[in-house]
Structures are given as C-alpha cells and as structure tokens.
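Colleague: To start, I am sharing the structure in question, which I have written as structure tokens.
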Amino acid sequence: MTHIAIDPITRIEGHLRIEAEVDSGQVTDAWSSSTMFRGIEIILQNRDPRDAWLFAQRI
Amino acid sequence: MHAVCSVRAVENALGIQIPPNANLIRNLIAGAQMIQDHVIHFYHLGALDWVDIVSALSADPGATSQLAQSISPWPDSSTAYFKGVQDRLNAFVSGGQLGPFTNGYWGHPAYKLPPEANLMAVAHYLAALDWQREFIKVHAILGAKNPHLQTYLVGGMACPVDFNSQAAINEHSIAFMQDLFTQAETFVKQVYLPDVLAIAPFYLEWAGLGEGTGNFLSYGDYPLFQPLAGQTAELYLPSGIILGRDLSTVHLVDQEKIAEYVTHSWYTYANENEALQPWDGETKPNYTGPNPPYDRLNTDGKYSWIKAPRYEDKPMEVGPLARMLVAYASGQPDVKKWVDAALGQLKVGPEALFSTLGRIAARCVETVVLSEQMVPWTEQLAANIQGGDLRIEDNTLWEPSTWPAEAKGFGSTEAPRGALGHWVRIKNGRIERYQAVVPSTWNGSPRDANGQMGPYEAALIGTPVANPDQPLEILRTIHSFDPCMACAVHVVDPTRRETGTFRVS
C-alpha cells in the first residue's frame, strides 16, 4: 500500500491537493482537498445587492 | 460567469425581467467564454497528460503532414509547417528552456501516441494559443475587457446598442464579432474536434476508467427569448438530472433540494452532521488541519476548504459531460447529432461517456455545438437593433425604495466547468446572506456526513498507477473535470518545488 499526495495539482485554476492509496498498481481510496479559503460570502454580507456581481466575479 | 449568476440571483429575488437584447448579449458572452475555455482546457491544461512533447522531436514532419491532411482540411498542415514547429521545440529543448513543458512525465509508459500525432498536437497547442488571444476580443467588445467584464447590471446590461453611435454595439462591432465567431467555428471543427477524435482511439481504455458517481446535474443555460426556427425550448442547453447513469429518465431540478455538508470541511455548523440549503447556508471557517508543510491530512476528520453539496443527499457531477448527457437524454437535436457523430466515429456506445475520456469528448462536442449558435444569436441581436429595439436594461425596480423589505433569490448559469448557483437573501436593501455553490464544489467535494465520496474521489477509485512517483494517470482523471478551485488568488510557497510536490510514503 502506497500513500500518494499531489499538492498542488498543476494545469488547473486554484489550489487542489489529492491524496490517494495505491495498492497493486491501482487507486483504492482517494481524498480531494481544496487548500485555499474563499470567503466571498462573508465579504458580501451587508452590501448593496446591486454591487454583488462585481465582488462575486472575483471568485 | 459569477457576474451573470449574481445579477440573475438578485433579479430573481426582486422580480426583475431583462430585455431580449440583454439576454442575447449575456448568451454571447457566456458562449464565447465556454468556447475559449474549452479549447484552452484541451490544449493547454489537459492535453499534456496524453501528448508526449519530447516524443514529438522524433516525428517525421512529412508523415505528420499526411496525418493532419487525412483528418482535416485545416490549411496549416504542410511538411514545412510541422518542420518549423519541430525546430522551435528542438530549440527549447536543446536550450534547456522547456518553459511550460518543464516537469512533465515525458517518456512515461502510459503515453501511447506515435511521434507524428504528438507533433501535430504540439503544433495545435501553439496555434490554439494564438487563436484564443484573438477570439476573446469578443469580450472586449461586449464587456470592455477580459477577464472580469464590466458591463453587467441588475436589470440588463450596461453596453448600449445603436447602429448610429460610435460608442455603442454598432454595425462595425457586430461584423467584427461575426468574423471571430466564424473563425471560431472553423477552428473548433477543423482542429479541436479532429484532434480529439484522432487521439482518443489510442486511449480507448480510458472510456472505461474514471467514471465517478454516475449522477449528473445541469441547471441548463442560454435562455431563448426569441427561439430560432424549429426550437421550442426555453433554454438552449436543457436543465435536468441523471441518476445512476440511467439515460432513459431526465429528472427535474429543484434547487431547494440542494444542501451542503461541512462534516469533512473546515467550517462550523451548529449541527455538524446536518446539511444546509444555501438560502440558510453559513460560512464560518474553522481550520483544524495540520500546519504546512505536512505529509498527510487527517481525512477521518475535516480535510478541505470545499463544502460537500448534495442533491437529495446524493453527490452529483457537473460540467460538460453532465450538460451533454442531460441534453442527449432530453433529445436536444444539436447535441444528439454531434454526440452520435463522435460516438460513431470512435465506434463506442453512449456508456463510453461515463469516463475520463467521456468528459474530454463531451467538452469538445459542447464546443462544436455552441460554436454553431454564436453567428445566429449575433444575427438576432443585429436584427433587433435594426428593427429599432434598443432596450438593454429595465430599471423600473432599480431603486431600493421599490423593493420589498425582505426577498430571496436564486440565480444559476452553466459555467464552463459546470452548474453554478448563487443564493441571496436581501433585507432592508442590503445583502443579509449570500452563498455560491460553484462547479468545483460539486466535483471536488470531500466526503459528506454519510461518508459518500465526491466525484473526483469516486472517479479515482480503480485508476491504474504504473509508477507512484509519476502519478500521470491520476492527473488524467482529475484534469478531465477541469478543476477551478478558486480563480483570483494565488499563493506561492517558496520552500516547495515550483510546480508540484509529491510525497510517497
């Protein structure tokens, strides 16, 4: 049983970590983890709804 | 894509209807985004998992020319052209400056293409870079710039249309866009599609690998306010759900059945095993993971910044494959035609779509389908303007004094990577609560309270890994989803290798 961690996965947008168990040349278990917090929902609280798209666009 | 989703959520909350021209411009912007994104994904993000750059150096340019001319009428296909590309690549390699091709797993036994197919793909990698740079001028015309277009507006769009004005969408900008859309359709049909269909036969075992959850969700998109002849649908790409890979039934989507778990995510809920519908959603960060750098996450506990969205407690895959399956099963004629053509050429049945290769093929088919709609949609916009309809926004409900004290809304769109939803609650003219459930939240989600895997996780089970030090096969399946974990923030850890860390224990 081999445990693999790939972090960061490249050729994507953003930050992704994959961990996997490999047994006899095959993946037997896997975990997907985003390693970056976004928080745009908190930034938008109490703002004018007509402005929301300008903030949300930056997600 | 988040901009249009956000204005739709607010318009939905306040009961605002946008004029037909605003709808057409939103469709053109979204369609252009989809086409550009998919081409970039195939050539610049995904293809290098299948195309061995170094092998291209040993290709015979004459044989490459014959190969290219046998699959496509695309004019850049001479021996001299491919020799030129090979010379450029040789200069990179002999100069020790591989640039974007550094750190690939070149020579890995899972690469199967002959050198000539590799050289053709490298040539089109470079051609696609040039093409996409020109094509996205569409966004500069309709949105002032790219990325982060500036012309969205609650109630419509903020780009005036008027053939008698230099400062509006006029005959010149329409003609310019029509040229770009025509070139795009040609590029997609003469380069992207033939390349996918030429590469796929070498990797047909991947039509049986990487399936994932077997459940698919599409909100649908491209509202048709003025359907073209023969169209009856309200959305060009339909909304629907497919469960357990059963294409005989398309279920209706009810956004109230969506809820997010944080059992394995770095957030706190009052009840950690309960899922919250996004109108009642909460974002309370609670990082319990290890301090970096670390070897392993505690995957029994919380292990991701992504929540786990579920539809009636089921994990769902979203994206081009979900859209094409829902459209195919719904009988959308354009999708059906192109999916059947691709399956026929590869001599496989629809079950091959439930796979890593299926995702790549579905993304290409979707690009072809949309590339055929851009010119007619632009003609509609031009006809409206010529007919005197210059309405671009409805501002009758612009002032907060016209709004109810409390309102809630849902907006959706189909982003290149899949179903995107925004949920907003408005109270006394201000945002009380806002939640975005994005495509990569669906696809990249961790386990939920019931221990169910997310689509990336499920898709990796059974993936062959020839060499754990070079997990190319894992990248193939993950890249087939086109992950977008968050687009605007980039963090570099200078203690790590520039392009990746692999720990094998």
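The values are calculated or read from the model by the stated rules, or taken from the named source; none is laboratory data. Remember, predicted model here, so these are calculated numbers, not experimental data. Here the Cβ positions follow ideal geometry from the backbone for every residue, glycine too, while neighbour counts run over all protein chains shown. The accessibility values were calculated without ligands, DNA or RNA, using every heavy atom of the protein model including side chains. Shrake-Rupley method; radii C 1.70, N 1.55, O 1.52, S 1.80 Å.
Colleague: How much accessible surface does residue B:137 have with a 1.4 Å probe, in Å² rounded to 10?
Modeller: Its heavy atoms expose roughly 80 Å² to the probe.
Colleague: Once you have the Cα-Cα distance between residue B:88 and residue B:254, take 0.36 nm times their residue separation minus that, and quote the gain in nm to one decimal.
Modeller: Extending this stretch completely gives an extra 54.5 nm.
Colleague: Viscosity 1.306 mPa s, temperature 10 °C: give me the Stokes-Einstein translational D for segment B:1-128 in µm²/s, with Rh taken as the Kirkwood radius over C-alpha pairs.
Modeller: 92
Colleague: Answer with one residue from A:37, A:22, A:9: the one whose Cα lies farthest towards the positive end of the charge dipole of segment A:5-55, charges on Cβ with Lys, Arg +1 and Asp, Glu -1.
Modeller: A:37
Colleague: Residue B:406: accessible area at probe 1.4 Å, nearest 10 Å²?
Modeller: 120
Colleague: Can you classify segment B:347-425 as rounded, prolate or oblate using the Cα gyration tensor, where a ≥ b ≥ c are the square roots of its eigenvalues, rounded means a/c under 1.5, and otherwise it's prolate if a/b beats b/c and oblate if not?
Modeller: oblate
Colleague: Could you work out how much longer the chain between residue B:295 and residue B:164 gets when fully extended? Use 0.36 nm per residue separation minus the Cα distance between them, nm to one decimal.
Modeller: 40.8 nm
Colleague: Hull surface divided by four, with the convex hull built on the Cα atoms of chain B: how many nm²?
Modeller: If I average the Cα hull's projected area over directions, I get 25.1 nm².
Colleague: Still on this model: Please compute the per residue accessible area over segment B:89-230 with all protein chains in place, 1.4 Å probe, rounded to a whole number of Å².
Modeller: 40
Colleague: In nm, what is the difference between 0.36 nm times the number of residues separating residue B:225 and residue B:375 and their Cα-Cα distance?
Modeller: Full extension from residue B:225 to residue B:375 adds 52.4 nm.
Colleague: Can you send over the solvent-accessible area of residue B:193, 1.4 Å probe, protein chains only, in Å² to the nearest 10?
Modeller: 20
Colleague: Let me ask you something else. Holding the Cα-Cα limit at 18 Å, pick out from B:83/B:112; B:307/B:427; B:257/B:408; B:145/B:189; B:189/B:336 the pairs that are longer than that.
Modeller: In this structure, B:83/B:112; B:307/B:427; B:145/B:189 lie more than 18 Å apart at Cα.
Colleague: While we're looking at this one, here's another question. Can you tell me the dipole magnitude for the protein assembly as shown around its Cα centre, using point charges on the Cβ only (Lys, Arg +1; Asp, Glu -1), in Debye to the nearest 20?
Modeller: The calculated dipole for the protein assembly as shown is roughly 580 debye.
Colleague: For A:38, B:417, give the ranking by accessible area with the largest first, probe 1.4 Å.
Modeller: A:38, B:417
Colleague: Between segment B:17-68 and segment B:436-465, how far is it from one alpha carbon centroid to the other, in angstrom?
Modeller: 26
Colleague: Can you pull the one-decimal nm distance between simple spin-label points at residue B:204 and residue B:150, each 7 Å off the Cα toward Cβ?
Modeller: If labels sit at residue B:204 and residue B:150, their model points lie 5.3 nm apart.
Colleague: Give me a single rounded figure for B:457-466: the average over its residues of other chain Cβ atoms within 10 Å of their Cβ.
Modeller: Mean number of neighbouring Cβ atoms from other chains: 6.
Colleague: How many angstrom lie between the Cα centre of segment B:73-119 and the Cα centre of segment B:296-343?
Modeller: Their Cα centres are 33 Å away from one another.
Colleague: In the neighborhood of residue B:386, defined by Cβ-to-Cβ distances under 13 Å, what is the net charge if each Lys or Arg adds +1 and each Asp or Glu adds -1?
Modeller: -4
Colleague: Let me ask something else about it. Within the set of other residues whose C-beta is less than 12 Å from the C-beta of residue B:161, count the net charge using Lys and Arg as +1 and Asp and Glu as -1.
Modeller: -3
Colleague: Work through the residues other than residue B:143 whose Cβ is under 11 Å from its Cβ and net out their charges, Lys, Arg +1 and Asp, Glu -1.
Modeller: Summing Lys and Arg as +1 and Asp and Glu as -1 gives +3.
Colleague: To the nearest 500 deg cm²/dmol, what mean residue ellipticity at 222 nm is calculated for the protein assembly as shown from DSSP H runs of n ≥ 4 alone, each contributing -39,500 (n - 2.57), summed and divided by the residues?
Modeller: Computed ellipticity for the protein assembly as shown at 222 nm equals -10500 deg cm²/dmol.
Colleague: A follow-up question, please. Per-residue Cβ counts within 10 Å, from other chains only, averaged over B:420-433: what number is that?
Modeller: 3
Colleague: If you don't mind, another one. Over all residues in B:4-17, what is the mean tally of Cβ atoms on other chains that come within 10 Å of each residue's Cβ?
Modeller: The mean count of partner-chain Cβ atoms within 10 Å per residue comes to 3.
Colleague: Under the √(5λ) rule applied to the eigenvalues of the Cα gyration tensor, what semi-axes describe the equivalent ellipsoid of segment B:131-242? Give them in Å, descending.
Modeller: For segment B:131-242, the ellipsoid semi-axes come out as 34, 22, 15 Å.
Colleague: Assign one of three labels to segment B:279-399, namely rounded, prolate or oblate, based on the Cα gyration tensor with a ≥ b ≥ c the square roots of its eigenvalues; rounded applies when a/c is under 1.5, prolate when it is not and a/b is larger than b/c, and oblate otherwise.
Modeller: oblate
Colleague: Same structure again: Using the Kirkwood radius over Cα pairs, work out the Stokes-Einstein diffusion coefficient for the protein assembly as shown at 10 °C and 1.306 mPa s, in µm²/s as a whole number.
Modeller: 65
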